[in-house]
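J.: Below is a structure I'd like to ask you about.
The values are calculated or read from the model by the stated rules, or taken from the named source; none is laboratory data. Owing to the predicted nature of the structure, the values given are computational and were not obtained by experimental measurement. Positions of Cβ are backbone-derived with ideal geometry, glycine not excepted, and every protein chain shown enters the neighbour counts.
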Ligand code: ATP
Ligand code: MN
């Protein structure tokens, strides 16, 4: 059950778009939102600690008022376009420290069920596609993370692709994904990209279909063993062909997702999806 959503914001346009998604998700799940801005402590430019403390305090005060405007503007936009069941409970939070770490710590401390955040389409620095904060949160979050690309519109969540490597294609995990997304009653396409051409893996994966037909007939779930040169390429094609609204991925500990998003010089490989991603951490 998703009852508490943590929404970290840097007040960018990207975050503004992500917050509209967050409001609609909160509405769907009937969840509360904690909106968090993290400010770096001020110390380098100022040599007197007492002045640094004062500067940080002023930053925090400014952030509080920007946050208020940010929330009001997004709420007005969402309410103009959508019928919300109720205005979700929104609790503001300003913290001081390193954003990636503070976001994960806050989620852990407050038992957040989901982190929703934005990401820019392209990052040139160090071949990263995700920004530094998103990457840190994806790696260390204690809960699932819903990542909203800047161009992603919130329309419908009817068609889900759940990308899994074979070791994680455990029926329990798949069932869990179905549970998380149940309020949307989506069609779930489970995809596994077979890059080494092994036939047994593909057969095992496809056979999960009959397992679900027997054990969870209410889930609308299909299995697609894909083959291709790269996982990313195959996933992108699938997202386009099947008109996918949300791409879910299982990444509890290991960083295959982070790897998948790293762009290589020679091969243009980073996933450049315009659909939101749901990163399953547990
Ligand atoms: P970079 O900072 O690496 O140049 P970026 O700013 O485009 O890249 P991120 O920093 O990863 O990308 O920002 C993506 C999302 O992370 C934002 O939309 C917001 O949700 C969150 N975020 C970033 N900075 C902060 C912050 N200081 N406090 C709270 N949330 C933040
Ligand atoms: Mn940033």
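J.: Just one of (1) surrounded by fewer than 17 Cβ atoms within 10 Å (Cβ to Cβ); (2) at pLDDT 85 or above trips up residue 253, so point out which.
T.: Here residue 253 meets the rest and fails (2).
J.: Can you give me the number of residues within segment 133-144 that are within 9 Å of the chain's Cα centre (by Cα) and either away from ligand 2 (no atom under 16 Å from the Cβ) or surrounded by fewer than 17 Cβ atoms within 10 Å (Cβ to Cβ) (or both)?
T.: Selection size over segment 133-144: 1.
J.: Just the residues that are under 25 Å from the mean Cα position of the chain (by Cα) and at pLDDT 80 or above, please, taken from segment 202-230.
T.: 220, 221, 222, 223, 224, 225, 226
J.: Of all residues in segment 63-122, which are modelled with pLDDT under 95, under 21 Å from the mean Cα position of the chain (by Cα), assigned to a loop (DSSP other than H, G, I, E, B) and within 16 Å of ligand 1 (Cβ to nearest atom)?
T.: Scanning segment 63-122 gives 98, 120, 121, 122.
J.: Another one. Any idea how many residues of segment 2-23 are more than 13 Å from ligand 1 (Cβ to nearest atom) and either crowded, with 18+ Cβ neighbours inside 10 Å or on the phi > 0 side of the Ramachandran plot (or both)?
T.: 3
J.: On the basis of being away from ligand 2 (no atom under 16 Å from the Cβ), surrounded by fewer than 17 Cβ atoms within 10 Å (Cβ to Cβ) and free of Cβ contacts under 8 Å to residues at least 40 places away in the same chain, does residue 72 make the cut?
T.: It is true that residue 72 is away from ligand 2 (no atom under 16 Å from the Cβ), surrounded by fewer than 17 Cβ atoms within 10 Å (Cβ to Cβ) and free of Cβ contacts under 8 Å to residues at least 40 places away in the same chain.
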